[in-house]
Amino acid sequence: MSEYSDKNQPDNSIFYSMPCCIEIRRYQGSYPPIDVSDEYRPRYEEKQQALERFAYVPGFDSEKVILYMTPEIEKLLSQYLGGVYGFGRLVTNINKRRVAYLSRIFYVHYGHWGGYWILNSMPMIYYLSLYDDGICAFLCTSWCSGETVFVPYDTAKELVHFDYWIE
């Protein structure tokens, strides 16, 4: 969380909000070289057979309490905030008072393409891939961007940030 905190937009909410679980995929061998072409990289894990898949409840040492968002809670809160799609169209307008109120409690941001809410603190980890030489994290770093980060087990090596994307 400290690696990605935005000093220009400090998080003033009371709680951190995180997904209720993150998928972990374990692979045999080392992560492929980081300089592999972008065309090849997204298909690398699709071609690999994960040895194991399991769910992990995320957490970290924090001065704030962590709220865990289940899909059911996210759906209810999204409906409460308004501006969500149903039956191919917006069902209700956004209730700005409710947005302002909930934003003080935890991270709330309207989705970039509209019709949905982002209710998890950033960065939000989509999933982690474990390799013999490190961990690869696929994450959303803001309401409209994300990246992949390789964290080597060897502490003498540095984090590698790659595969940046913007919605």
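Laboratory data are not the source of any read-out in this text; all were calculated from the coordinates shown. What you see is a predicted model; the values in this text were computed from it and never measured. No Cβ is skipped: glycine too gets one built from the backbone with ideal geometry, and neighbour counts run over all protein chains shown.
Summary of values
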{"quantity": "Contour excess over end-to-end distance, with Cα ends at Trp165 and Asn95 and 0.36 nm allotted per residue", "calculated": "22.2 nm"}
{"quantity": "Helical contribution to [θ] at 222 nm, DSSP H n ≥ 4, -39,500 (n - 2.57), averaged over the chain, rounded to 500", "calculated": "-5000 deg cm²/dmol"}
{"quantity": "Table column - 3J(HN,Hα) (Hz), the stretch 136-145, Karplus curve with 6.51, -1.76, 1.60, x for Gly and Pro", "calculated": "10, 10, 9, 9, 9, 9, 7, 5, 9, 8"}
{"quantity": "Relative contact order of the chain, defined on C-alpha pairs under 8 angstrom at six or more residues apart (%)", "calculated": "25 percent"}
{"quantity": "The stretch 90-139, relative contact order [Cα under 8 Å, separation at least 6], %", "calculated": "21 percent"}
{"quantity": "For the stretch 58-104: rounded, prolate or oblate by the Cα gyration tensor [a/c cutoff 1.5]", "calculated": "oblate"}
{"quantity": "Where chymotrypsin sites (Phe, Trp or Tyr not before Pro) fall in DSSP loop in the stretch 58-167, at most 10 other Cβ within 10 Å", "calculated": "Phe60, Phe87, Trp113"}
{"quantity": "Nearest 10 degrees, 0 to 90: helix 96-105 Cα axis against the chain principal axis", "calculated": "50 degrees"}
{"quantity": "For the chain, share of DSSP beta bridges that run antiparallel, in % to the nearest 5", "calculated": "75 percent"}
{"quantity": "Cα-based Kirkwood hydrodynamic radius, the chain, one decimal, Å", "calculated": "17.7 Å"}
{"quantity": "Descending semi-axes in whole angstrom, ellipsoid equivalent of the stretch 81-122, from the Cα gyration tensor", "calculated": "19, 12, 6"}
{"quantity": "Distance from the stretch 64-124 to the stretch 132-167 (C-alpha centre basis), Å", "calculated": "26 Å"}
